[in-house]
Each structure stands twice: as C-alpha cells, then as structure tokens.
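Structure record follows, encoded as structure tokens.
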Amino acid sequence: MSAKDKGESELLKNDPQARFLLDSRLPWMVRYIPNPNSSSSSSNSGLRVMQQVLHRPLDNSAPGSNVLVVSSYDAASGELLMRAKQRCTYSRAPVKVVAAEMTPSKRELIIFCSLAPQQDDPGASYTFTVSVINLAAMKALVPKIDTPDPSNGTSPPAYALSNTLTSLGTEYLFMNLGCAVVGVYSLATGQLVREIATGVLGSKPGSGGGSSNPAGSYFACLALPRVSEKQGVFSNAGRTLLAASAAGGQKVYVLEMDVEGAAQKVLEQRELQQQQQQQGLQSRLNQQQQQQVQQGLQSRPNHQQ
C-alpha cells in the first residue's frame, strides 16, 4: 500500500463516503444503467436503475491523474451505493463521425463521433464525443461533450437541439443517458445542466414502452417541438415539448417541461455544490495545518530550566 493510499485510509475514518476523492476532480460523464443487484423478478415494480457519475482529475499532468472516481447512486432515491477509484490509461483511439448538424442559431456546427471501447478493456463501453465548432472562430470554444452510447454502437445518436433560451442566452443539446433518461447539455459551457427521467421505458415487459432488456432501454429518436400561438420574432415563446421514440417500440412519448427554469435551477445548485466542495477542501487543509503545528510544538525541545 502506497503512502497516498494509507493517507486515504485515514481520511475514510472521518469521511466514510470518500467525498475527499472529489476535491481535485470534476464530473466528466453521467450514465444510467440497470442496477446489477436488482432482481429480474421485480418487473412489476419497475426497472431498478443506477446512476453512475465518472469524475476525472482537474490536472492530467498531476501525479495520480490516471485515476478516475466512479460514484454510483440509486437513481430513484439518490442514495450513494458505492464510490471507487478506477485506474485508466490515456491513448489515441480512432473515432467515426456518425452525425453533424447546425445549431438553430447557425453559429455552431455540432459534430457527433462514435468511440468504440478498447478490446483489452472489458469494463469500457461505447461513447459519443460531441464537438461544438464555432463557425466564426472555426474552432471549438467549449470542451468536448462526452456521453454514453446506450445502444452499444448499434444506433446513431438520438439527440435534439433547442433554440436559444431567452433568460440564459444559450442553446442546449438533449441526448440519451440510458434507461430512458435524457441529459441536457449547455452549448455555451459543455456542461450537463439537467437530467430528465422520463420513466417511460422498462416499466413492464411487453407494455409497449420499449424492450425490457436493459440493452434496449434507450431512445432511438428525440425532438423538441415548441407550441405557441405567436410566430415570427416571438417564435421562442410558448411551451417546449420533448418527443421521444423508444428503440424497438411503436410509440412516441410527448412530455412538457420548463427548460429555462430547470436549467437555471441546476446551474445555481451546481455553483452551490462547487462552493461547498471548496469550503470542504479549505477546512481539511486548515485541519492538516493545525495538526502540523501541533506536531511541531510537541517535537520542539523544552529549554526551560
């Protein structure tokens, strides 16, 4: 066991959920998968779903930068089920362009690439890498968006692009996260700002909501129609609807949502979480400094006679 692992073992005594592992990392990818511990006989109560958040280091050049942290939560309750470190390697891999589209504002070109897992990595899975190319600068101005591919490389990406939201001044990308959950990404920052659990897949076998097979619990097509009585310059007004078609299904589900309000709320929550993480990191640094000072006082020789 290395000195760093020993130090983390000590920290676990005061922090059983290992929140300290997230201090130097940021969320990278979010995916939803069937809970491997759920029983297949529980189909009457719905498919048990697990949310996994992959955190990667802030600085890839720092020691230990090849370690990801995977946090697994119960999607229904939000309870933390497991948090573990996963070592990885950085390597060049071929990608395949599978889709491309202009944003509604015509300011960016969105390019979707499929990335297959390495053959020597049994734990890896198919992913989509999305590049947002600013046409004025002819380059990407925001980080790439990495999303899971619930179809395991068998289908093109199911996505939808929103118009510019008036209150936030940006467009959004809607994509599959798996298990009938749709992720909303800001094209201004590349960050995931909302996760929409539609709840329309995997509820009961043969219900017509899609395959009960976990591999089939994803959408094959997404669209964002907007309903409004006003036209022209007021075309952004009205209600935003999410239309989703399940892979292997014969139905189209239409959901109404408050995109602007939800996106603003998630951004505020994320800022608050970042502030809390910074405060937690500063608190632990202060405790370490106090311990060092106390150790220094204890080791100082007493010259009083």
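Looking only at residues of the stretch 237-284 that are open to solvent by 90 Å² or more (accessible area, probe 1.4 Å) and part of a loop (DSSP other than H, G, I, E, B), we find that the one that is modelled with the lowest pLDDT is Asp258.
Of the residues making up the stretch 63-82, those that are open to solvent by less than 40 Å² (accessible area, probe 1.4 Å) and free of Cβ contacts under 8 Å to residues at least 60 places away in the same chain are Ser65, Val67, Leu68, Val69, Val70, Ser71, Ser72, Asp74. Residues of the stretch 108-129 that are in contact with a Ser or Thr (Cβ under 7 Å, 6 or more places away or on another chain) and of a type in the set (A, V, I, L, M): Ile110, Ile111, Leu115. Determine whether the stretch 111-127 contains at least one residue that is of a type outside the set (Ser, Thr, Tyr) and more than 30 Å from Pro36 (Cβ to Cβ). Yes, the stretch 111-127 contains at least one residue that is of a type outside the set (Ser, Thr, Tyr) and more than 30 Å from Pro36 (Cβ to Cβ). If you take the residues of the stretch 132-175 that are within 18 Å of the chain's Cα centre (by Cα) and open to solvent by 20 Å² or more (accessible area, probe 1.4 Å), which of them is modelled with the lowest pLDDT? By that ranking, first place goes to Asn152. For the stretch 83-99, the set of residues classified as open to solvent by 90 Å² or more (accessible area, probe 1.4 Å) and modelled with pLDDT of 90 or more consists of Lys96, Val97, listed by residue number. Just checking, does the stretch 227-234 include any residue being more than 21 Å from Phe174 (Cα to Cα), loosely packed, with under 14 Cβ neighbours inside 10 Å, modelled with pLDDT under 65 and of a type in the set (A, V, I, L, M)? Taking every residue of the stretch 227-234 in turn, at least one turns out to be more than 21 Å from Phe174 (Cα to Cα), loosely packed, with under 14 Cβ neighbours inside 10 Å, modelled with pLDDT under 65 and of a type in the set (A, V, I, L, M). Evaluate the following for Ala116: is it surrounded by fewer than 20 Cβ atoms within 10 Å (Cβ to Cβ) and out of contact with any Pro (no Cβ under 9 Å at 6 or more places or on another chain)? Here the answer is no, as Ala116 does not meet what is asked.
The values are calculated or read from the model by the stated rules, or taken from the named source; none is laboratory data. Computed from a predicted structure; not experimentally measured. No Cβ is skipped: glycine too gets one built from the backbone with ideal geometry, and neighbour counts run over all protein chains shown. Each accessible area value is taken on the protein alone, full model and side chains, heavy atoms only, with ligands, DNA and RNA left out. Shrake-Rupley method; radii C 1.70, N 1.55, O 1.52, S 1.80 Å.
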